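**Student:** Quick one: the structure is below, questions incoming.
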Amino acid sequence: MRASLDESRELHHLALRLSAEELPPGWEPIPSSAHTRVASNNARRVYYKEFLPRSPLDRLKALLRGSRASRARQHCDALLLAGINAPANLAWGKLPGGREYLFSRAVEGDDVTTWLGTLLPAGESWARASRWQLLEALGMFIGRVHATGFIHGDLRPGNVLAEHRAERYLFSLIDNERTVQKLPPPGRMLLRNLMQLNMLPPRILSRTDRMRFFTAWRRQMRDLDTIEAKLLAAEAYNWAMQRLYDKGQL
């Protein structure tokens, strides 16, 4: 839900302070890329993201496609409208120097990397059934996202949050600046998303784990034929393993 006029004015004042690298009470910085400044207020469940200029080309892209802040806002709105959970926009605006900001409502949950690496560690018998449930639910969620035509710009496990509620896992997509919607979703873009989700080393995510996810994903993608689905699974896995090897993580 968008902020009221009074709250929008208050948030704009906060944005001016946060953009000056001042931390008002209750706000904490969050590590981010060199092209953003991010902070959160856990008590208010509010998340701040400032989009820093990257290059003159970035300004030209903004004229043609909309700014990074406006794209992030629009894509979150589109996901929510389709019934896919994402951060709800609260307020947005401009800052000196061509910068923009976006305040959003924080979504609940821990990222999938934390779930699989820490909360439900591989090899622990007590975590096995919950891991299986998480992976199957994740496959169904991402399959529904893709079947709806949405392709995330960076679908690494850290950009998918999971919350366990009422014996179910509920998921949200964050960092939606580069999310697009294309029907039917192009195979190359599906492949890249599946590769990104596979970017966890074998000590965290086994082949059996990956197949459990993929089987659930495949059930949602009814327009894919069997051969195409198998090729996507194999290519995504091989691409991810090569990238992990190149990064020295294998």
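Taken together, the values in this text are just the output of simple stated rules run on the coordinates, not laboratory data. Computed from a predicted structure; not experimentally measured. FYI the Cβ positions are ideal-geometry reconstructions off the backbone, even for glycines, and counts take in every protein chain you see.
**Student:** Which peptide among 163-170, 67-74, 226-233, 19-26 comes first, and what is the full order, when sorted by highest mean count of other Cβ atoms within 10 Å?
**Tutor:** On the way: 163-170: 12.2, 67-74: 20.6, 226-233: 14.1, 19-26: 10.8.
Final packing ranking: 67-74, 226-233, 163-170, 19-26.
**Student:** Give the shape of segment 5-105 as rounded, prolate or oblate, defined through the alpha-carbon gyration tensor: a ≥ b ≥ c are the square roots of its eigenvalues, a/c under 1.5 means rounded, and otherwise the shape is prolate if a/b is larger than b/c and oblate if not.
**Tutor:** Judged from the Cα gyration tensor, segment 5-105 comes out oblate (a/c at least 1.5, b/c at or above a/b).
**Student:** In whole Å, how far is the Cα centre of segment 140-156 from that of segment 200-233?
**Tutor:** 13
**Student:** In whole percent, what relative contact order does the chain give with Cα contacts below 8 Å and a gap of six or more residues? Please list the in-between numbers first.
**Tutor:** Details: 371 pairs, mean separation 42.4, N = 250.
RCO, the chain: 17 percent.
**Student:** List every residue whose amide H lies under 5 Å from the amide H of residue 111, counting only residues 5 or more places away in sequence or on a different chain, with H placed 1.01 Å from N in the peptide plane.
**Tutor:** Amide H neighbours of residue 111: 162.
**Student:** In sequence order, what are the phi-derived ³J(HN,Hα) couplings for segment 79-84 according to the Karplus relation 6.51 cos²θ - 1.76 cosθ + 1.60 with θ = phi - 60°, rounded to whole Hz, with x for glycine and proline?
**Tutor:** Along segment 79-84, the couplings run 4, 4, 5, 7, x, 9 Hz.
**Student:** I want to check the label-to-label distance for residue 219 and residue 170. Put each point 7 Å from Cα in the C-beta direction and report it in nm to one decimal.
**Tutor:** Each label point lies 7 Å from its Cα, and together they span 2.1 nm.
**Student:** Residue separation times 0.36 nm, minus the C-alpha to C-alpha distance between residue 130 and residue 238: what's the value?
**Tutor:** Working: separation 108, 0.36 × 108 = 38.88 nm, distance 2.65 nm.
Once the chain is fully extended between residue 130 and residue 238, it gains 36.2 nm.
**Student:** About its Cα centre, what dipole magnitude does the chain give when the only charges are +1 on Lys and Arg Cβ and -1 on Asp and Glu Cβ, stated in debye to the nearest 20?
**Tutor:** 580
**Student:** Modelling each spin label as a point 7 Å along the Cα-to-Cβ direction, I'd like the residue 203/residue 70 distance in nm, to one decimal.
**Tutor:** 4.7
**Student:** Under the 0.36 nm per residue contour assumption, what length would be gained going from the current alpha-carbon distance of residue 94 and residue 247 to full extension? Provide the component values of the computation, followed by the final result.
**Tutor:** Details: separation 153, 0.36 × 153 = 55.08 nm, distance 3.74 nm.
Here the answer is 51.3 nm.
**Student:** Okay, next question. Return one number: the angle in degrees, 0 to 90 and rounded to the nearest 10, between the long axis of the Cα atoms of helix 207-220 and the longest principal axis of the Cα atoms of the chain.
**Tutor:** Between helix and principal axis, roughly 70 degrees.
**Student:** Could you work out the helix-only [θ] at 222 nm for the chain, with each DSSP H run of four or more residues adding -39,500 (n - 2.57) and the total divided by the number of residues, to the nearest 500 deg cm²/dmol?
**Tutor:** -13500 deg cm²/dmol
**Student:** Further question: Using θ = phi - 60° and the Karplus form 6.51 cos²θ - 1.76 cosθ + 1.60, what ³J(HN,Hα) does each residue of segment 191-206 get, whole Hz, x for Gly and Pro?
**Tutor:** Along segment 191-206, the couplings run 4, 4, 4, 5, 4, 4, 5, 7, 7, 10, x, x, 5, 9, 10, 7 Hz.
**Student:** Could you grab the relative contact order for segment 117-249? Cα pairs under 8 Å, six or more apart, rounded to a whole percent. Don't skip to the answer; put the middle values down first.
**Tutor:** Details: 155 pairs, mean separation 43.5, N = 133.
The normalised contact order for segment 117-249 reaches 33 percent.
**Student:** Pop out the ³J(HN,Hα) list for segment 126-141 in order, Karplus 6.51 cos²θ - 1.76 cosθ + 1.60 with θ = phi - 60°, rounded to Hz; leave Gly and Pro as x.
**Tutor:** 5, 9, 4, 4, 5, 4, 4, 4, 4, 5, 5, 5, 5, x, 5, 5
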